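Chemist: Structure incoming, see below.
The values are calculated or read from the model by the stated rules, or taken from the named source; none is laboratory data. The model shown is predicted, which means the values in this text are computed figures rather than measured ones. Cβ sites come from the backbone with ideal geometry, for glycine too, and all protein chains shown count toward neighbours.
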Amino acid sequence: MTATALHRTLTVPGATLHYQLAGRGPVLLLAQSGEGDADRTVDLVPHLADSFTVVTYDRRGLSRSTLDDPARPVTMADHADDVARLLAAVAGTTGPGVGSDNPTDGGTTPGSAVMVGFSMGAAIGLQVVVRHPGLLGTLIAHEPVMPNLLPPADRAQHVAELLAIREAHAAGGAAAAFPAIARHLGIDPRHDDTEDGLTPQPLTPRRLANFDFFIGTEFAAVTTDGLAPAELAAAAGRTGTRILPATGRTTRPTVHTYRCALALAELLGTEPVAFPGGHNGNTAFPLATARTLKAVLGR
């Protein structure tokens, strides 16, 4: 299965964003985890493009999304504002059949877009709900990396783990940080199952540079984020955005991002949606993830 993607750029304050469009139908924005850029979900997008106009992008500072001033800190607010500007740009360009040879529908209006965020992308989505009320119709927040959702002791542990990863990275680079990341997220690459026929994701120089930026710069954005649960709950009630917390079926319950999803569900008075695989189930099980997304979204 293939989906032809349109590659575009968008100038925003402080950066130039690279984004891609594929498929047709209601707009669905995929916000990636970790160092992931627009290509991270190359195996997932084709399974969604028959039902949605799928938007993927490189966060500012990653891959093809360049910073005007690399020395300036990047904040979660920056990322949330980028999403708002990106969806506004897509609203102006999506018409019937974006990226499709057989157009039937398309486009987006405020409050109609769906955002599916994984880990870092989920935390960005929660910021979007607060900073841009009514922009999203639905946010699926899969295991958000958001320490503030946790009780004080657990929050301190979550932040301490992130800082330990950053210290390991500063001392020995990505190779030293990878074991700590795997422990933090409950990932075992040697034994975790995947679907067959996945596109290889080698550690290219570009991907290693993304890891450097993610750990060296974006960890600070996460650990200093001041978004409070009460503010999030109030915004969710005000805006009418449907927030669906999500977990990986095989993620260990001790993983902090898993517990963040549970805390978000409790905060909103709902139950988390179970997705295939663990923390990175969207890349390990793209077909099963697409089926779950379509079922949840009624497509």
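Chemist: Here is a check on your reading of the model: is THR11 at pLDDT 95 or above and within 17 Å of the chain's Cα centre (by Cα)?
Modeler: no
Chemist: Is it the case, given these coordinates, that ALA235 is in contact (Cβ under 8 Å) with a residue 40 or more places away in the chain, touching a helix residue (DSSP H, G or I) at 6+ places or on another chain (Cβ under 8 Å) and either crowded, with 23+ Cβ neighbours inside 10 Å or not in a helix (DSSP H, G or I) (or both)?
Modeler: Here the answer is no, as ALA235 does not meet what is asked.
Chemist: Taking LEU198 and the conditions (1) closer than 20 Å to HIS142 by Cα; (2) more than 18 Å from the chain's Cα centre (by Cα); (3) surrounded by fewer than 19 Cβ atoms within 10 Å (Cβ to Cβ); (4) in contact (Cβ under 8 Å) with a residue 60 or more places away in the chain, which numbered condition does it fall short on, given that it satisfies the others?
Modeler: Result: LEU198 passes all but (1).
Chemist: Residue pairs, Cβ under 6 Å, 6 or more apart or interchain, first in region 258-277 and closer than 11 Å to LEU149 by Cα and without any contact (Cβ under 8 Å) to a residue 60 or more places away in the chain, second in a strand (DSSP E or B) and not aromatic (Phe, Trp, Tyr). List them.
Modeler: Hits for this filter: ALA265/PRO245.
Chemist: Can you name the number of the only condition in (1) closer than 19 Å to PRO276 by Cβ; (2) at pLDDT 95 or above that GLN201 fails?
Modeler: Result: GLN201 passes all but (2).
Chemist: So, one more: So for region 242-252 (the condition being within 29 Å of SER51 (Cβ to Cβ) and free of Cβ contacts under 8 Å to residues at least 24 places away in the same chain), does at least one residue qualify?
Modeler: No, because not a single residue in region 242-252 is within 29 Å of SER51 (Cβ to Cβ) and free of Cβ contacts under 8 Å to residues at least 24 places away in the same chain.
Chemist: Sticking with this structure for a sec: Which of the residues spanning region 249-276 are within 14 Å of HIS184 (Cβ to Cβ) and outside any loop (DSSP other than H, G, I, E, B)?
Modeler: HIS256, THR257, TYR258, ARG259, CYS260 - these are the residues of region 249-276 that are within 14 Å of HIS184 (Cβ to Cβ) and outside any loop (DSSP other than H, G, I, E, B).
Chemist: Please state which of the following conditions LEU244 fails to meet, knowing it meets all the rest: (1) over 15 Å from the mean Cα position of the chain (by Cα); (2) surrounded by fewer than 23 Cβ atoms within 10 Å (Cβ to Cβ).
Modeler: In the conditions (1) over 15 Å from the mean Cα position of the chain (by Cα); (2) surrounded by fewer than 23 Cβ atoms within 10 Å (Cβ to Cβ), LEU244 misses (1) alone.
Chemist: Taking into account only those residues within region 41-97 that are more than 25 Å from GLY216 (Cβ to Cβ), part of a helix (DSSP H, G or I) and of a type in the set (Gly, Ala, Ser), which is modelled with the lowest pLDDT?
Modeler: If we take residues in region 41-97 being more than 25 Å from GLY216 (Cβ to Cβ), part of a helix (DSSP H, G or I) and of a type in the set (Gly, Ala, Ser), then GLY92 is modelled with the lowest pLDDT.
Chemist: I would also like to ask the following. For region 277-298, give me the residue count where each residue is assigned to a loop (DSSP other than H, G, I, E, B) and either closer than 22 Å to ILE187 by Cβ or in contact with a helix residue (DSSP H, G or I) (Cβ under 8 Å, 6 or more places away or on another chain) (or both).
Modeler: 5
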